[in-house]
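These notes concern the structure reproduced below.
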Amino acid sequence: MMSADPLLHARALVLSDLTAQGLVDAHTVSLVEECVAQRRWWVSQWEEGIAYVDGLVAQDVQDALFDESRRWPLCSECADPVEHSLSIEPELGPDPHWVCSESGALIAALGTLGRSA
Ligand SMILES: [Zn+2]
């Protein structure tokens, strides 16, 4: 699971969850690369931050997509017909996972969207 490069590990998790929702294309991949590069710089300034990069890169990508009026990841667990997204919890902590932003229900660990039974 652990990669020698924690930023590449974070990148892989986020790309996996983008793939799960059919959002991987040249544009989103370059967007992920940008977020990873920024967090790489951030970690160079604050080494302890390395423990949090998985969740932070996911939130960075989520924010960047939101700026383009794209919601990711969409919740597919609720009967609620109003489109809503998942959020990372904890926002700053280890073992980030997606929870429904409406119900608060735990959906999946980061990097495992679409794999749950
Ligand atoms: Zn939901």
In terms of the alpha carbon gyration tensor, root eigenvalues a ≥ b ≥ c, rounded if a/c is under 1.5 and otherwise prolate when a/b exceeds b/c or oblate, region 6-109 is oblate
Taking alpha-carbon centroids only, region 47-108 lies from region 9-36 a number of Å equal to 13 Å
Rounded to the nearest 10 degrees, the helix 53-67 long axis (Cα) sits at an angle to the longest Cα principal axis of the chain of 60 degrees
Nearest 10, in degrees from 0 to 90: the angle of helix 6-20 to the longest Cα principal axis of the chain is 20 degrees
Region 6-109: relative contact order from alpha carbon pairs under 8 Å, six or more residues apart, as a whole percent, is 23 percent
Summing +1 per Lys or Arg and -1 per Asp or Glu among the other residues with Cβ less than 15 Å from Ala108's Cβ gives -4
In degrees, nearest 10, the alpha-carbon axis of helix 26-45 is tilted away from the dominant principal axis of the alpha carbons of the chain by 50 degrees
Long-range amide H partners of His97, meaning residues 5 or more apart or on another chain whose placed amide H is closer than 5 Å, are Glu89, Leu110
Computed ³J(HN,Hα) along region 73-89: with the Karplus parameters 6.51/-1.76/1.60, θ = phi - 60°, integer Hz and x for glycine or proline, the list is x, 7, 7, 10, 9, 8, 7, 3, x, 7, 4, 8, 10, 9, 10, 7, 9
Which residues qualify? For Trp72, with a placed amide H closer than 5 Å and at least 5 residues away or on another chain, they are none
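Region 23-114: which chymotrypsin sites (Phe, Trp or Tyr not before Pro) are DSSP loop and have at most 16 other beta-carbon atoms within 10 angstrom?
Trp46
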The local net charge around Pro96, scoring Lys/Arg +1 and Asp/Glu -1 for residues other than Pro96 whose Cβ lies under 9 Å from its Cβ, equals -4
Residues whose built amide H sits under 5 Å from the amide H of Ser85, excluding neighbours closer than 5 in sequence, are Cys75, Ser101
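Here, each number is a calculation from the coordinates, and none is a lab measurement. In this text, all values refer to a predicted model and were calculated from it rather than measured experimentally. Cβ coordinates were reconstructed from backbone atoms using ideal geometry, including for glycine residues, and neighbour counts include every protein chain displayed.
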